[in-house]
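*Asks:* Let me begin by handing over the structure; questions about it come next.
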Amino acid sequence: MCIIVGRGEPSKQEKLPCYDTDHFRIGHIIYFKNIFDVFLAIENGQCKYGIIPYENSINGPVLDTMDELFFYKKINILEMQEKKIAQNLLATKDISLLEIKSINSHPQAIAQSKKWIRKNCPQASLYPRSSTVAGARHILRDLVKNEVCIGSVWLAEQLELEIIAKNISP
């Protein structure tokens, strides 16, 4: 079994060829909402391996991962892979960049996109959410005209959101 963090609903299945390596033979994938639950599932024997973020080129180490690695002494890193993250600006409908009043997303996604946001949407307020999925659900739930979120193409497709700006992270 394998686990991945932050990809939305636990029932969603996704092919992950980049993780089919010597250590990870992908079988059934279980999705969890946060890093803590991944570590707990491994410790409890629910899964043999977990795939979690370790470091970010913008913000450096992912502190939640570092904390859990320190706490769970019997869990080890088997392999690290570099993966380019492409963030996009998502909305419930097409909107002009100048009309955007607030941007919702996970703090990591906001940090990855901050330079683009400052240049293209300096008027927008930034609102951290627990995940990119939570940011997307927020704009879907509230349907506030001038709110958008940051997320992947996959997220836009799953929740039927418009991509109003592509590749906003470096």
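The values are calculated or read from the model by the stated rules, or taken from the named source; none is laboratory data. Keep in mind that this is a model prediction, so the values were computed, not measured. Accessible surface is based on the protein model in full, side chains and every heavy atom, while ligands, DNA and RNA are left aside. Shrake-Rupley method; radii C 1.70, N 1.55, O 1.52, S 1.80 Å.
*Asks:* If you average the alpha carbon positions of the stretch 36-67 and of the stretch 92-166, how far apart do those two centres end up, in angstrom?
*Replies:* After rounding, the separation between the Cα centres reads 25 Å.
*Asks:* A follow-up question, please. Considering all projection directions equally, how large on average is the shadow of the alpha-carbon convex hull of the stretch 91-170, in square nanometres? Please report the intermediate quantities before stating the final value.
*Replies:* Details: hull surface 17.5 nm².
Projected over every direction and averaged, the Cα hull of the stretch 91-170 covers 4.4 nm².
*Asks:* I've got another one for you. Ordering 138, 106 by accessible area with a probe of 1.4 Å, largest first, what comes out? Walk me through the numbers before you get to the answer.
*Replies:* Values: 138 20, 106 65 Å².
Listed by decreasing accessible area, they come as 106, 138.
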